[in-house]
Amino acid sequence: MGLLTNEQSRNRVVSLLVQHNQKLSVLVYLAGISWFFALAYQPLNAATYFSENALLPGLVESHLPSVFLSVLQYKEQVEQEAKRDPKVTLQDWVYKKFDSLGIETFQQNFSVVYPFRSLSSKVCWMSAPLRPWHRIQRISVHIAGIKDASKPYWSKDIIFLFSDFDEIGAMAWLDAYHETASQYILTNGLEGRSGAIQAAINLELPLDNINYFNLKLEGLNGQLPNLDLVNLLVRLCQKEGARVAIHHSFDKRLSYGGDSFDNYKSSLKTMLKMMWYQASGAPSGNHGLFQKFHIESVTLQGVAKKKGSHDITTAARIMEGVLRSLNNLLERFHQSFFFYLLPSTNRYVSIGMYMPPFGLMALAGLIKISFVVFTLTCHGLALWKVSQMQTNAEKKEDTKKDGADESPDKDKEKDVEGMKYSLKDEAKTAVDESKDNFEDEMKTAEPLTNKGVLTILPVFLVSMLMGWMAHQGPELLTRIVPRFRIQTEDMIIYSLFAIFTAALAYPKLMTRKSGSPSTFVIDWQLLKSIALIGQTLALTTISLLNISQAFFLTAFMVPVTTLVRPSQQKIFRWIQMLALVFVSPLSLMFLVGLISAWPQPSTFDLLLQGYTNCKELIFLGVMDSYLFNAWTETIITAVIFPIWLLFWAIPWVDAVNSL
Amino acid sequence: MAPSAGYTSIPAFLCLIFVWATTASGTPKDIFTEELFIKPLSRGYVYSHFQFTTKWNASIHDSNTFRHYRLFPKALGEVLAKYGVQELHLSQTQGLWRHKFWGYPVHDAPPGAELWVWFKPTVKDIDRAWTELVNAVSGLFCSSLNFLDSKNTVVPQWSYRPQGTAAPGYSTFSYHVRYGALPREIVCTENLTPWKKLLPCDSKAGLSTLFNAFHFHDASYHSLGLHIRPVCADVDCTEEAIELSQSLSVVTDVISTSHTGTPNWSLRSLFGNHLASTCPVAAKSTIFVELTKNEDSHMYRLTPDPSSTEKVTRGPDQHTYAVYDVQSLMKSGRVLNIAATFRDPPVLLSVEPPPIHVHRYITGYGLDKGGISCLIYNNMVVNQSIIYLDVLPWFTRVFFNSLTVTNNGTRLPFKVHYVPGKDRSRPHQLELSFNLWPHSVTQVSFTFTRAFLKWTEYPPDANHGFYIDSATITAILATSRGYTATPQHSSCLESIMTDNSSRFPVRLHTESLLVSLPTPDFSMPYNVICLACTVVAIAFGSVHNLTTRRFEKLDPSAKKGILTKVKGFLSKLRSKKASPEKQTNNASHPEDTDTSDNQNELKNENSSAKSSS
């Protein structure tokens, strides 16, 4: 505990930090990111296990063989019905079928009020196409499930939900079920309800035989289902002999050792894929919306292949197993993990494992702050200490003089003198150190006029304003769409472009206003430390909600924003500006578009497709934020963008005049 | 007792002789009837209601009444006498009665246990009597009724009026009534056994031989009821009687429990046994099967043929019943297995919603705020006034200002009696009275906020959630559609056959609700203790060490022990090793050594100062 109690060693640590902050932050960042990637390595993560003992998936003894025939029979019926009129949504047929089976059946209508005034219905259809064909298998599995559902051992109600318009339909139902008012999805009241929903499984089954099952976990705003539910599905799929994957990437066979490099590569791939979907903050399936309501939910997708090894009965058996296991639950899911990453279906990285490396990465920015903050505080602290010690000593001397009848304690006086001496000494060293450092960083003394909060206040306000505009822009700007006769998605991306370009030019504009035409003079150290603190705060907060989003943002932004500083040399300035533009929210979005469009025949195609994807991504992000209350758009525009703008001002600062 | 119209003069004469004989022997008092009512419901469900009624011609207010017993159970009588009970209504239910699909039961009951009691006017301290009574009843029926403390007991203002005879003015003020419900109570065989022990024949003879716990608990719904009330001994109501009505209701899903998948049912398929005896002390033993819907469509056929078929007009609606007089059928020495055989292919009864049905649910999500909505459907062409009673536990704090009653967007006026809850001592009680418009849905809704419990107040399965009692809706209908209850004056099902009233009181219990409260992670205290201990151990240890250490000057010339000599030797060795490194350090950082020397000096000074003092 020398660090806490010994002033000398504490000062040494501080001075070390101040002296080597550049090296340290680079080191810490690299250590963090490599540790994070290392988490996918098998010896560094843990095997999944059932935390909730009540699930008892091993005890489920399938009763379904008796209704296998009926599954196939229903499948035929549904196929016939769908063929008779491909346009029909099967709604009425399903309603009648369910009703005839003695199930309480309800129909619910909903309508979408579009958040943007002038959107053609086409876009709505595009984002949520009606896919009657895809649900055929689902329906027959459901119906078979119902036959089974009337067995007396069920302790819970089972709700079978068929929804149109994918996520919007599911959202409409959920809103009506919980009677939560939505501004844009208007629902008819729901007549049939049960109690609190414990878990939801969304089935996406193909028409053909199933080759393997694919799990989708990521929900709205990066929420994940309880790990126990995921384990349950994985275990039951394996029990039925079906292969199961996360985002289409399989576990490597463990025949050549779990810690081989091949295995690591595939684990890392799976983990990054999962993080990729989670980072978007958009639900990866219909299930994603349930998590908002504290309903654990997963999508089980069957991936088709003509000669797939599993037919519909496997899916039916898995569903039965899931329902029977959930039926055993006495309490809602509360054990196991809600925050995790999966490097494979049977390994997991918990929040306790991934937070330290992430913390290291975020720490890089904080260490960098030390160069200003610590020097300033050391400066101030040392002076304060000296003055305080002096006044203390004077006071004591005074009291001694006053209380003359008491024998003066010479030793004590000596002690005080000694301490005064030592502290003065320390303060002196501290001041020296900080001075050294200042000289290191700035070489020259600063003119007093460039200091203070007032110089950076305009920058701060402009950044916030830009963030607000980017956040509110789409809704405001799309109101003028009809006059320009352009698509709403185009309008949104153009408006964002406009705001972004305007934002890029703001240091230039502020230069003009500040009187002396060629200089842009602000207290950039203060600005940078505030920006760094803001960035670290924002990223750590996001990391608690959506680790993947925070990770990717940190991985890209932190190295650039940490190292950015005014420079006298033009080339360095340009490099810094380029790097900053590269990590700006809009170009990160474009990068995402590029990555999702990756295999393209030519570079031009790639760019074009990247742009289209980026446009769609932004549009869907905005839509999600209106319809489902997704946060990604708000985080990017109202949090990350203004912080980035603060950093954007730094390379513009006139190095000669402000240093 | 009023014998039905089908009686010939000879049995009536015999009956008279019997009555005379019992009067002559000095105990004319009690009559026991056993009845079974079977009603096929929609979608292949069958509702069976066992009704055992003991009518005891004695006044409940007479202190001498509970001194001599014949058919009336002594265990119960003693409890009634001791705690001054005038009326007692107990139900223990597993499952939810679905009014929309099943109509109305004979006795409506909420999921779990429900107890409501009217005490005699002579009882002074009602709260104390209630507390003692629930403990006694809880012991008598092996249920956790003793948990009905002040936290979930209310005094209903308008609902739960006395069902039997009462002195004028007795029920004007609700001073004497207590109501409590335990929605979480699980009903099982251990509740059935003490309940059936109160029957004169137990389950040894008569209709109660059909009791089969296995079949009951396989059912979709089953409910045990026990109702005691004072009634009129005769038509003129000159004398009082005590009526004990014990009922057991079961709803069986015939299609899924049968192996064939057909809706055919029989006593054997419903209860696992046929009927082979009647209770010898029973005055009557009757089975009724409601055929109302079968009249027109002839969906199924009953075998054997009933003793008689009764058509009863209750209010505007007509009901048809097949009546089996078990005693006369048993005389032939054969067993009775009433069976309904459906036509092939079977046509199931369609759903016909009753005049009023309700649906209540929790709204909102998250652990902060929530709400309760109750949809009340009126399927009649007339206005209907109802009383709504909702009792919420103290930890769901109701916002009274959020209370609204709306119909199709229009706010309805309502009369309200609201007793706000008190933390850990009193529940929130909400009683409303309003009108339902014809053919409409009325919504009662309000919001609440969830309180934090103390960590010892959580049950072991805290994440299961916490139950909210069913709400109760009381109404007096003008129609008897879907109605099965007996008329006011008697609990015997046979009194339905002679019913000519035009008002049909119903009480509907809604779904009980499950809310989750903010629940701590209970492994957290352990983690916190570990962390706190670590921090204390590390920080406290070093600080303590630093602040309490005493520096003492050692006299180098003093005598040394062997141990110190060895230590000294070792430290010498160590310093020899270290010295070359030190020298190089000194060379590179002359200033450092300077300051450290200073520090050393200072330290020495300090220590010498201390030691000298």
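Shown for B:Phe414, A:Phe293, A:Phe647: other C-beta atoms within 10 Å of each C-beta, ranked fewest to most, produce the order B:Phe414, A:Phe293, A:Phe647.
The alpha carbon centroids of region B:69-98 and region A:341-364 are separated by 61 Å.
Take the residue pairs A:Lys23/A:Lys528; A:Lys265/A:Lys615; B:Lys120/B:Lys197; B:Lys82/B:Lys120 and return only those whose Cα atoms are more than 22 Å apart. Spell out each step's value before the answer.
Numbers: A:Lys23/A:Lys528 18 Å; A:Lys265/A:Lys615 32 Å; B:Lys120/B:Lys197 27 Å; B:Lys82/B:Lys120 11 Å.
Violating the 22 Å Cα-Cα cut-off are A:Lys265/A:Lys615; B:Lys120/B:Lys197.
Region A:256-306 and region B:182-233 have their alpha-carbon centroids 52 Å apart.
Angle of helix B:9-24 to the longest C-alpha principal axis of chain B, folded into 0 to 90 degrees and rounded to 10: 60°. Taken residue by residue and averaged, Cβ atoms of other chains lying within 10 Å of the Cβ of A:191-203 number 3.
Neighbour counts of other Cβ atoms within 10 Å put A:Arg243, B:Arg334, A:Arg347 in the fewest-to-most order B:Arg334, A:Arg243, A:Arg347. Summarising the amide proton neighbourhood of B:Ile468: residues at separation of 5 or more, or on other chains, whose placed amide H is nearer than 5 Å comprise B:Leu513, B:Leu514, B:Val515. Beyond 20 Å in Cα-Cα separation lie the following of the pairs A:Lys239/A:Lys292; B:Lys39/B:Lys293; B:Lys369/B:Lys415; A:Lys269/A:Lys307; A:Lys508/A:Lys570: A:Lys239/A:Lys292; B:Lys369/B:Lys415; A:Lys269/A:Lys307. Converting phi to 3J(HN,Hα) with the Karplus coefficients 6.51, -1.76 and 1.60 and the offset θ = phi - 60°, region B:531-544 yields 5, 4, 4, 4, 4, 4, 4, 6, 6, 5, x, 6, 5, 4 Hz in sequence order, with x at every glycine or proline.
Which value at 222 nm does chain B reach when only helices count, each DSSP H run of 4 or more adding -39,500 (n - 2.57), with the total divided by all residues and rounded to the nearest 500 deg cm²/dmol?
Working: 14 runs with 149 residues, N = 613.
After summing the helix terms and dividing by the residues of chain B, the value is -7500 deg cm²/dmol.
Tell me whether region A:551-659 comes out rounded, prolate or oblate; compute the Cα gyration tensor, take square roots of the eigenvalues as a ≥ b ≥ c, and use a/c under 1.5 as the rounded threshold. Taking the square roots of the gyration eigenvalues as a ≥ b ≥ c, region A:551-659 is oblate.
Annotation: amide H of A:Ala304 within the under-5 Å range of A:Asn211, sequence separation 5 or more or interchain, hydrogens built in the peptide plane.
Couplings 3J(HN,Hα) for region B:432-438, derived from phi with the Karplus relation 6.51 cos²θ - 1.76 cosθ + 1.60 (θ = phi - 60°), are 10, 9, 7, 9, 9, 7, x Hz, where x marks Gly and Pro.
Mind running the shape call on region A:444-658? Use the C-alpha gyration tensor, a ≥ b ≥ c as the square roots of the eigenvalues: rounded below 1.5 for a/c, prolate if a/b tops b/c, oblate otherwise. In terms of gyration-tensor shape, prolate. Averaging Cα coordinates gives a centre for region A:588-629 and one for region B:427-452; these two points are 49 Å apart.
Could you work out how far helix B:74-83 tilts from the main Cα principal axis of chain B, as a 0 to 90 degree angle to the nearest 10? So the helix axis and the longest Cα principal axis differ by about 70 degrees.
Counting other beta carbons within 10 Å of each residue's own, what order do A:Ile530, B:Ile376, B:Ile387 fall into, fewest first?
Values: A:Ile530 19, B:Ile376 26, B:Ile387 22.
Ascending number of Cβ neighbours within 10 Å: A:Ile530, B:Ile387, B:Ile376.
Here the Karplus curve 6.51 cos²θ - 1.76 cosθ + 1.60, taken at θ = phi - 60°, turns the phi angles of region B:424-430 into couplings of 6, 9, 8, x, 7, 10, 10 Hz, with x standing for Gly and Pro. Between B:Ser277 and B:Gly206, the built amide H atoms are under 5 Å apart, and every one of these is 5 or more places off in sequence or on another chain. On average, how much area does the Cα convex hull of chain B cover when viewed from any direction, in nm²? Average projection, Cα convex hull of chain B: 50.1 nm². Cross-link pairs exceeding 21 Å between alpha carbons, from the set B:Lys196/B:Lys284; A:Lys156/B:Lys422; A:Lys156/B:Lys454; A:Lys216/A:Lys273; B:Lys74/B:Lys204: A:Lys156/B:Lys422; A:Lys156/B:Lys454. Decide, for region B:506-564, between rounded, prolate and oblate: order the square roots of the alpha carbon gyration tensor eigenvalues as a ≥ b ≥ c, take rounded if a/c falls under 1.5, and otherwise choose prolate if a/b is larger than b/c, else oblate. It is prolate, given that a/c is not under 1.5 and a/b is the larger ratio.
Only the coordinates and a few stated rules stand behind these numbers; no lab work does. No experiment lies behind these values; they were computed from the predicted model shown. As a convention, Cβ positions derive from the backbone with ideal geometry for all residues, glycine included, and neighbour counts pool all protein chains shown.
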